[in-house]
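Asker: Please read through the structure below; I'll follow up with questions.
The values are calculated or read from the model by the stated rules, or taken from the named source; none is laboratory data. It should be emphasised that the depicted structure is a prediction, and the values quoted were computed from it without experimental measurement. Reconstructed Cβ throughout: ideal geometry from the backbone, glycine too, with neighbour counts over all protein chains shown. Side chains included, ligands, DNA and RNA excluded: accessible areas come from the protein's heavy atoms. Shrake-Rupley method; radii C 1.70, N 1.55, O 1.52, S 1.80 Å.
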Amino acid sequence: MPAPQGAPGWANELALAYESGAHGQFILYGNVHDRIAVGNRLVNLAGYLENELLAGFQIVLSYDLGNGLTIERGGEIVEKWSGADLKRAPRLPLDAIQYISKYLRYLGNLRALGRESKENVAVILRGIDQIAPADGTGYEHGSLTSLLGEWASEAPFADLAFTSILIADNLNDVAPSIAFDAHTARIRVPLPDATALERALTLLQTSQPAAFAPNVGVSQLAAALSGVTVSALESLIKIRGHEKRSLDAQDLTRIKKDLVERDSAGLVEFIESKRTLDDYHGQSALKQWLRQDIALWQQGDLKALPMGYLLCGPVGTGKTFLVECLAGEAGVPVVKLKNFRDRWVGSSEGNLEKIFRLVRALGRCMVFIDEADQTLGRRESGSGDSGLSGRLYSMIAQEMADNANRGRVLWILASSRPDLIEVDLKRPGRLDVKVPLMPTATQAESAGLIGALARRYGLPLEAAELTALESKMPILLTPGAAEALVVKAYRHSRTQNVAAAAALDACLVGYQNPVPLDVLEFQMRIAAREATDLAFVPESFRHYAAASPAA
């Protein structure tokens, strides 16, 4: 099974494991429904396996629930077996697996009698996650998994020139006795890299020239669209070609966002940001540190680059806004995790697999997890969710600690209750920098924050007017609360036809902080104690770092 020239990395990995005799059974999982550029055409995974990777096999059989058992190649050889009965090939899973096992045992018997067959045999099982699902039970399911386990390691199967390739969307959706069998090689099929995309785009440019602008090269398109599947790209280019509308450099970011979100089935949100850290008000020490990290990232000096950040602080302190500013400053995409938990067994783990697959393909990016204390789960969650939270926690922790991601993936977690996040998830090597975001400490800071937000809303407030109102400004004002105050003042100005300063003055009368003071101070104490550097904590609040938070 030598891999053809220019084969994808996963195909080379599979060929090496088979040729070396290390493995005979493989599970391909991940981006298994995509297309692959071969010669002058795009083919699906099963077609690539059958006609390229398994080109030297005389007998190739395939099975899926829709089509039943099919002999793709070598039917005339199989017919020599008295039990072939090709006109009535089995359609049910157990019947098909038993049929293949009987044929292989027949070949094993020939070998034992010294009449060894020289043919190589390959079996492709599409949709193994449906044939032998993780939540399967019963006699038939047990029989299936038992037979497939025998294919991987037992005689005569392991002694024959035989390989079985099982295909699944997500590894966690497959029965564990198969998916994690020590004799089965698990090979992830990643999303296409820039090289694979460039090959596919070169083919598509030939058939759909109207979809390609003359000033945008194929390599430029491939680099800009990393993280997109070839199938999604093929559909888009066919539509653009039919409309005679070319792909312009200006809309590549939007196209990538649309395609990534559609491919991820709503599991992530692709955040575009035109903001920079200049748009973030206050905390100069923090902004200086972040800019230094971005400079290191852009220079490729990764030794001092953190694996991740933890943004903590009271609700409304602008954690999401800071992420947008940071992403815009760095010029990289931000993937925000949405609700990946599902009620079906194995689905949540499968959703996480899809997300990780996407993140790995995007190249340099940030992964943002909001409300991390709720999203990430806990190592020990009791028996209420059958261990789901623990499994999700383990998967995320392992991915966050993968040192191969340093400089490629920057994890950003945000929480107003970082004390509820597992301690080892917050350790250096996962979240190296923990940043507290605090409300204003003085009336002057509150006036400056309101002035900055007022300019964004087109509310004309002069510096002298803000100074005059400074004594009326509340302290412990978060950006969220300040924005609500500015919106209220803007509305008052428009509806009552009064000057901006007068409107703000009226809105300050009787103002109450939307977050109760005891809750605000409790969350400030937690944030101050989490800080990796007291320089990140405003001097007025550093006493909180020594205080013990009490709920």
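Asker: Give me a count of the residues in segment 3-37 that are open to solvent by 70 Å² or more (accessible area, probe 1.4 Å) and either within 26 Å of Thr229 (Cα to Cα) or at pLDDT 95 or above (or both).
Answerer: So the answer is 6.
Asker: Pairs needed: first member in segment 136-164, within 22 Å of Ile59 (Cβ to Cβ); second member anywhere, part of a helix (DSSP H, G or I) and of a type in the set (D, E, K, R); C-beta distance under 8 Å; at least 6 residues apart or different chains.
Answerer: Pro156/Arg105; Pro156/Arg111; Phe157/Glu150; Asp159/Arg111; Leu160/Arg111
Asker: So, one more: Does Ala223 count as in contact (Cβ under 8 Å) with a residue 24 or more places away in the chain, open to solvent by less than 40 Å² (accessible area, probe 1.4 Å), part of a helix (DSSP H, G or I) and aliphatic (A, V, I, L, M)?
Answerer: Working: in contact (Cβ under 8 Å) with a residue 24 or more places away in the chain: yes; open to solvent by less than 40 Å² (accessible area, probe 1.4 Å): no; part of a helix (DSSP H, G or I): yes; aliphatic (A, V, I, L, M): yes.
Considered against the rule, which asks whether it is in contact (Cβ under 8 Å) with a residue 24 or more places away in the chain, open to solvent by less than 40 Å² (accessible area, probe 1.4 Å), part of a helix (DSSP H, G or I) and aliphatic (A, V, I, L, M), Ala223 comes out as no.
Asker: Give all pairs with beta carbons closer than 8 Å in which a residue from segment 76-94 that is more than 26 Å from Ile128 (Cβ to Cβ) meets a residue that is surrounded by fewer than 16 Cβ atoms within 10 Å (Cβ to Cβ); count only pairs at least 6 apart in sequence or on separate chains.
Answerer: What qualifies is Glu79/Leu86.
Asker: To continue, here is another question. Restricting to helices (runs of 4 or more DSSP H) lying wholly in segment 99-214: which have 2 or more residues that are at pLDDT 90 or above and among the small types (Gly, Ala, Ser)? Let's see the steps before the verdict.
Answerer: Details: elements: 128-131, 139-153, 176-179, 194-207.
The qualifying helices (runs of 4 or more DSSP H) are 139-153, 176-179, 194-207.
Asker: Still on this structure, I have one more. Determine whether Leu61 is closer than 28 Å to Pro2 by Cα, modelled with pLDDT of 95 or more and open to solvent by less than 50 Å² (accessible area, probe 1.4 Å). Before you say what the answer is, go through the steps one by one.
Answerer: Values: closer than 28 Å to Pro2 by Cα: yes; modelled with pLDDT of 95 or more: yes; open to solvent by less than 50 Å² (accessible area, probe 1.4 Å): yes.
Against the criterion (closer than 28 Å to Pro2 by Cα, modelled with pLDDT of 95 or more and open to solvent by less than 50 Å² (accessible area, probe 1.4 Å)), Leu61 qualifies.
Asker: Quick check, is Arg391 among the basic types (Lys, Arg), modelled with pLDDT of 85 or more and either open to solvent by 20 Å² or more (accessible area, probe 1.4 Å) or in a loop (DSSP other than H, G, I, E, B) (or both)?
Answerer: Working: among the basic types (Lys, Arg): yes; modelled with pLDDT of 85 or more: no; either open to solvent by 20 Å² or more (accessible area, probe 1.4 Å) or in a loop (DSSP other than H, G, I, E, B) (or both): yes.
For Arg391, the condition - among the basic types (Lys, Arg), modelled with pLDDT of 85 or more and either open to solvent by 20 Å² or more (accessible area, probe 1.4 Å) or in a loop (DSSP other than H, G, I, E, B) (or both) - is not met.
Asker: What's the number of the condition Asn44 fails, among (1) free of Cβ contacts under 8 Å to residues at least 60 places away in the same chain; (2) farther than 30 Å from Gly136 by Cα?
Answerer: Every listed condition holds for Asn44 apart from (2).
Asker: Here's something else I'd like to know. On the given criteria, is Asp385 open to solvent by less than 70 Å² (accessible area, probe 1.4 Å), charged (D, E, K, R) and modelled with pLDDT of 85 or more?
Answerer: Working: open to solvent by less than 70 Å² (accessible area, probe 1.4 Å): yes; charged (D, E, K, R): yes; modelled with pLDDT of 85 or more: no.
The answer is no for Asp385.
Asker: Looking at this structure, is Val323 out of contact with any helix residue (DSSP H, G or I) (no Cβ under 6 Å at 6 or more places or on another chain) and under 14 Å from Trp297 (Cβ atoms)?
Answerer: Working: out of contact with any helix residue (DSSP H, G or I) (no Cβ under 6 Å at 6 or more places or on another chain): yes; under 14 Å from Trp297 (Cβ atoms): no.
Judged against the criteria, Val323 is not a match.
Asker: May I ask you to say which residue of Leu305, Leu311 is open to solvent by less than 30 Å² (accessible area, probe 1.4 Å), touching a helix residue (DSSP H, G or I) at 6+ places or on another chain (Cβ under 6 Å), in contact (Cβ under 8 Å) with a residue 12 or more places away in the chain and part of a strand (DSSP E or B)?
Answerer: Leu311
Asker: Another question, if that's okay. Go through segment 270-286 and give me each residue that's closer than 30 Å to Leu252 by Cα, open to solvent by less than 60 Å² (accessible area, probe 1.4 Å) and not in a helix (DSSP H, G or I).
Answerer: Phe270, Ile271, Ser273, Thr276, Tyr280
Asker: Right, another one. Regarding Glu140, is this residue open to solvent by 40 Å² or more (accessible area, probe 1.4 Å) and touching a Pro at 6+ places or on another chain (Cβ under 9 Å)?
Answerer: On the way: open to solvent by 40 Å² or more (accessible area, probe 1.4 Å): yes; touching a Pro at 6+ places or on another chain (Cβ under 9 Å): yes.
Yes.
Asker: Going through segment 73-98 one residue at a time, which ones are part of a helix (DSSP H, G or I) and more than 28 Å from Ala168 (Cα to Cα)?
Answerer: Here is the first cut: in segment 73-98, the ones part of a helix (DSSP H, G or I) are 75-78, 86-88, 93-98.
Scanning segment 73-98 gives Glu76, Ile77, Lys87.
Asker: Taking segment 468-482, which residues are open to solvent by less than 60 Å² (accessible area, probe 1.4 Å), over 12 Å from Gly451 (Cα atoms) and over 37 Å from the mean Cα position of the chain (by Cα)? Even if it seems obvious, please write down each step before you answer.
Answerer: Residues of segment 468-482 that are open to solvent by less than 60 Å² (accessible area, probe 1.4 Å), as a first pass: 469, 473-474, 476-482.
Of the ones still in play, those that are also over 12 Å from Gly451 (Cα atoms) are 474, 476-478, 480-481.
Pro474, the sole residue that qualifies.
Asker: Does at least one position in segment 68-76 carry a residue that is open to solvent by 20 Å² or more (accessible area, probe 1.4 Å), of a type in the set (A, V, I, L, M) and closer than 20 Å to Ala96 by Cα?
Answerer: Checked against the condition, which is being open to solvent by 20 Å² or more (accessible area, probe 1.4 Å), of a type in the set (A, V, I, L, M) and closer than 20 Å to Ala96 by Cα, segment 68-76 yields at least one hit.
Asker: Just give me the residues in segment 483-500 being open to solvent by less than 20 Å² (accessible area, probe 1.4 Å) and either in contact (Cβ under 8 Å) with a residue 40 or more places away in the chain or over 27 Å from Gln283 (Cα atoms) (or both), in sequence order.
Answerer: Of all residues in segment 483-500, those open to solvent by less than 20 Å² (accessible area, probe 1.4 Å) come to 485-486, 489, 500.
Passing the criteria: only Ala500.
Asker: Among the numbered conditions (1) within 18 Å of Gly313 (Cα to Cα); (2) surrounded by 15 or more Cβ atoms within 10 Å (Cβ to Cβ), tell me where Leu517 comes up short.
Answerer: (2)
Asker: Inspect all residues belonging to segment 245-265 and state whether any of them is closer than 30 Å to Ala444 by Cβ, among the polar types (S, T, N, Q), modelled with pLDDT under 80 and not in a helix (DSSP H, G or I). Spell out how you get there, then give the answer.
Answerer: Quick first cut of segment 245-265, residues closer than 30 Å to Ala444 by Cβ only: none.
No, that holds for no residue.
Asker: Scan segment 433-451 and tell me whether some residue there is over 18 Å from Tyr280 (Cα atoms) and assigned to a helix (DSSP H, G or I).
Answerer: yes
Asker: Related question: So, of the residues in segment 455-464 that are assigned to a helix (DSSP H, G or I) and out of contact with any Gly (no Cβ under 9 Å at 6 or more places or on another chain), which turns out to be nearest to Val509 (Cα to Cα)? Can you show your working first?
Answerer: To start, the set of residues in segment 455-464 that are assigned to a helix (DSSP H, G or I) comprises 455-456, 463-464.
Add one more test, that the residue is out of contact with any Gly (no Cβ under 9 Å at 6 or more places or on another chain), and what stays is 455-456, 464.
Values: Arg455: 21, Arg456: 23, Ala464: 19 Å.
Of everything passing the filter in segment 455-464, Ala464 is nearest to Val509 (Cα to Cα).
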